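This report concerns only the one structure given below.
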Amino acid sequence: MKQSQTTIIDISQADTSSNMPLPYADHGIQAGFPSPAQDYITEAIDLNIEVVRHPAATFYGRVNGDSMIDEGIDDGDLIVIDRAIDPADGDLAVCCVEGDFTVKRLKIEPDRVWLIPANETFDPIMITEDCRFEIWGVVTYVIKRKYRHR
């Protein structure tokens, strides 16, 4: 039996008032044959500038759950949500369904909206006119909580 529960997301406002430039390998990092990376760290990058396009309408959300694991979104990952972007069919979006936030892929049809999970153990959610539903914002980035094997 498939699950139909939603993924809970803890949401907080993006604070772009601070800046924290970090060293940046501006020539890229090879995924093939290694090159001396220290020679290329010549600039700094501020993630607020890189991932926040609309500061007043951007939020961060911490994903709790595994309904989107086949999209590479894992429990504990941080997502960047932009409320200034108009949602479209196929977008990854944070939605409020019956008072709970969830992140799903949108499938917008003329007469209904589907919220599509990326985990075969979860069922798609069909939004009907009886549902309390809002597309809260569009996901623009996913920041992995950790990417280290132990």
* With a 10 Å radius around each residue's Cβ, average the other Cβ atoms per peptide and rank 70-77, 100-107, highest first. => 100-107, 70-77
* Structure fact -> Env charge @ Thr16, Cβ radius under 14 Å, K,R +1 / D,E -1, value -3
* Taking R0 as 35 Å, what's the FRET efficiency between Asp111 and Leu47 from their Cβ-Cβ distance, rounded to 0.05? -> 0.30
* **Label point distance in nm, Asp123-Ala88, each placed 7 Å from Cα along Cα→Cβ** => 3.1 nm
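Any read-out appearing in this document is the output of simple, stated calculations on the displayed coordinates, not a laboratory observation. The structure presented is a predicted model; accordingly, all values stated were derived computationally and were not measured. Because the Cβ atoms are built from the backbone with ideal geometry, glycine has one as well, and the counts that use them run over all protein chains shown.
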